Amino acid sequence: MSNAVVDREQESRVAEVKRLERREGWKRRLPILPALLFTIVVTQIPFLFTLFYSLTEWRIDKPDPETGEVPRPFIGGENYGSLWGDKFFRDAAWVSVQMTVMAVLFSLIVGTLLAILLDRKFFGQGFVRTLLITPFLVMPVVAGFMWKTQMFSSTFGVINWVIELFGFGPTEFATKYPLASVVVVLVWQWSPFMMLIVLAGLQGQDQSVLEAARVDGATSFGIFRQITFPQLRPFLELGTLLGAIYLIQVYDHIEVIVGGQPGAKNLPFYIAQRSIGGGNRFGLASSYSIIVVIASIIIANIGLRVLSNLLEDDS
Amino acid sequence: MALLTRAPKAEPILGQNRVVANLLALLTWVVGLLFFFPLFWLTLNGFKSEADANSSPKILFEPTFDRFSEVTESSTGLLSFTEAFGNSFWIVLISTVLVMTLAIPAAYALAIRPMRKWRDVLFFFISTKFLPIVGAIMPLWIIARDLDLLGTRTVLVVLYTAMNLPLAVWMLRSFFAEVPKELIEAAQIDGCSLPGQLRQVIMPIVAPGLAATALLCVIFAWNEFFLAVQLNPTGASTMPVWVNSQQKFQGQFLAGLSAASVLATFPVVIAGWVAQKRMIRGLAMGAIK
């Protein structure tokens with residue numbers, strides 16, 4: 001009998017503790033809820049709509065002549081079925097892949113070289129770093145214009161002026177090599193970003209380890225390969241990840257440098273063109289969007305695995 | 001004694017030879033100037049006459065402010081500089097304030113008194129950045145149209161807030177994580193209330209990080225073009241749309257376009273120069289620390 005009372009008392013105490021814990025849990029969670037809800041409502045819910053649109057044949061420019069309403073027949077996976085037969089889609093997808101891979105890779109290489117150059121004491125170091133990061137801060141629309149009209153242009157472009165000094169004929173780079181032109185501008189804007197991330201890694205190195213290696217007679221190259229590079233790896237991975245997130249979505253540069261011309265339209269550009277940009281084929285364009293999202297999720301999964309390794313020892 | 005106390009000096013990766021070091025410094029300067037050159041050239045062109053700009057590259061010319069006054073003049077029916085600047089200013093300001101208001105408590109819940117599974121929540125925030133904006137643009141356009149928000153500043157405020165929020169949470173978490181736990185515990189033991197802890201212990205330490213985060217949000221929002229041009233083609237256009245509209249289909253426009261570009265670019269370039277060091281630490285340390 002008395003045992004039962006004790007048990008009950010204990011039970012109620014356990015319940016009390018649990019209740020308090022839950023309250024504490026909510027108290028801790030509360031500050032994050034506004035941000036979380038806002039993000040879900042603005043970014044996740046529209047995506048579900050896109051998913052739904054992609055299963056319909058929906059042209060907002062073709063209202064029913066009698067009712068004035070726009071029909072939106074459900075057609076299941078038909079949009080997806082016709083995807084691979086669409087040459088323009090395949091082209092845009094291929095451009096997306098090339099553009100993202102080239103821009104990320106070259107920015108990373110150039111950025112790392114710049115970081116290595118900057119990671120030494122010399123006259124005007126801070127000033128040169130400021131010069132070098134500036135391209136990243138430039139409005140993409142302006143970057144596009146500037147390169148197109150003042151660097152690449154065959155008539156007034158500085159690059160052509162220089163190569164003519166060496167006896168080469170003028171080339172309208174943006175028309176002749178649209179993809180390469182866009183990639184050049186992207187690399188110009190993103191290498192500074194990569195440089196700063198790699199620089200953060202270089203400057204976070206443990207100097208005593210480097211000193212010890214040097215005392216032991218290691219060469220500069222040996223130190224870089226065996227000590228610096230392994231330490232830089234997470235920073236390089238972070239740069240790749242953040243760069244890929246942004247570069248896969250490039251739109252502004254293409255709009256400005258290439259515009260309506262074929263040759264360097266990536267998927268985001270093509271999707272906008274086919275839907276709100278005047279194409280009005282919302283159903284079909286939505287299915288393209290879903291493909292982009294799936295591709296991004298695959299990249300993101302790889303990326304997130306990298307990130308979770310980075311966060312591992314921080315709890 | 002002096003010899004003993006000298007701190008180990010940071011040694012660069014590449015050679016220690018004096019001559020090599022000087023050559024490398026020179027190379028770094030050259031590369032830095034080359035990277036900056038397009039922007040320098042753009043600025044130069046902004047001060048040229050159209051005739052000077054529309055000719056083979058000229059370094060010597062008679063500088064003039066005329067292009068700047070021309071592009072900032074308003075003419076009826078066209079988007080004016082003052083309008084675009086005002087729109088950009090308010091949209092960027094309000095969205096950045098919103099981002100910080102939402103992100104600061106969130107970062108607190110992720111770093112100072114971490115909730116359970118904070119890592120998953122942080123991942124969720126970052127993962128929303130992986131969702132390309134084209135994955136949501138059509139519904140957003142439809143929703144904005146149905147709510148009569150197309151061509152308003154409101155729609156851009158909301159979307160820029162959503163665009164910058166994950167990045168802000170990511171950066172702020174790392175700045176908050178740098179606050180020593182012992183300091184907060186000590187303040188608690190001394191009977192300091194939560195608002196007191198925030199004001200007297202946490203804020204002074206994270207303030208520079210907050211400023212850098214806010215500046216990065218300002219830069220991204222100021223430069224954003226895709227959403228601005230898709231959702232806001234007429235009514236409340238921003239600076240990138242204005243610059244884009246300076247491209248004329250007839251006549252010469254190169255110098256005018258350059259002047260407009262300078263006006264649109266330099267506000268945030270200068271902001272970036274000011275915040276460069278902390279900005280990147282926040283970005284990189286968000287993962288590393």
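A few notes on this one:
- Amide H within-cut-off set for A:Thr56, under 5 Å, with H built and near neighbours excluded: A:Ile75
- Simple Cβ-charge dipole of chain A, Lys/Arg +1 and Asp/Glu -1, about Cα centre, in debye nearest 20: 220
- FRET E, pair A:Phe168, B:Trp90, Förster distance 35 Å, beta-carbon r, rounded to 0.05: 0.10
- Residues B:Arg67, A:Arg72 arranged by fewest to most Cβ contacts within 10 Å: A:Arg72, B:Arg67
- Gyration tensor (alpha-carbon) shape descriptor, region B:176-257, a/c threshold 1.5: prolate
- Scaling the Cα radius of gyration of region B:80-288 by the globular reference 2.2 N^0.38 Å produces a ratio of 1.18.
- The three principal axes of the Cα atoms in region A:190-315 give end-to-end lengths of 68, 35, 19 Å, sorted in falling order.
- Only Lys, Arg, Asp and Glu carry charge here, each on its Cβ (+1 for the first two, -1 for the last two); on that basis region A:158-315 has a dipole of about 620 debye about its Cα centre.
- Here A:Tyr270, A:Tyr251 are placed in order of increasing Cβ neighbour count within 10 Å, fewest first, which gives A:Tyr251, A:Tyr270.
- Top positive-direction residue, dipole computed over the protein assembly as shown with Cβ charges, set B:Ala271, B:Tyr160, A:Val138: B:Ala271
- By other beta-carbon atoms within 10 Å, ranking B:Met203, A:Met151 with the fewest at the front produces B:Met203, A:Met151.
- Karplus 3J(HN,Hα) series, Hz, for region B:207-219 with 6.51 cos²θ - 1.76 cosθ + 1.60 (x for Gly, Pro): 3, x, x, 4, 4, 5, 4, 4, 5, 5, 4, 4, 4
- Net charge of Cβ neighbours under 13 Å - reference A:Ile276; Lys, Arg +1; Asp, Glu -1: +3
- Chymotrypsin sites (Phe, Trp or Tyr not before Pro) within region B:161-221: DSSP coil, no more than 13 neighbouring Cβ in 10 Å: none
- Choice from B:Ala221, B:Ala260, B:Ala275 with maximal GNM fluctuation in chain B (Cα, 10 Å cutoff): B:Ala275
- Principal axis analysis of the Cα atoms in chain A yields extents of 106, 86, 31 Å, listed in decreasing size.
- By the equivalent-ellipsoid construction on the alpha carbon gyration tensor, the protein assembly as shown comes out with semi-axes of 42, 37, 23 Å, ordered largest to smallest.
- Computed from point charges on the beta carbon alone (+1 for Lys and Arg, -1 for Asp and Glu), the dipole magnitude for chain B about its Cα centre is near 1120 Debye.
- Simple label model, 7 Å out from Cα along Cβ direction - B:Met203 to A:Ile302, nm: 4.5
- Within the straight-line cut-off of under 22 Å between alpha carbons, the lysines reachable from A:Lys121 are B:Lys9, B:Lys277, sequence neighbours fewer than 8 places apart in one chain being disregarded.
Where a number appears in this text, it was derived from the coordinates with a stated rule and is not lab data. Note that this is a predicted model, so its numbers are computed, not measured. When we count neighbours, we look across all protein chains shown, and the Cβ atoms used for this are built from the backbone with ideal geometry, even at glycine.
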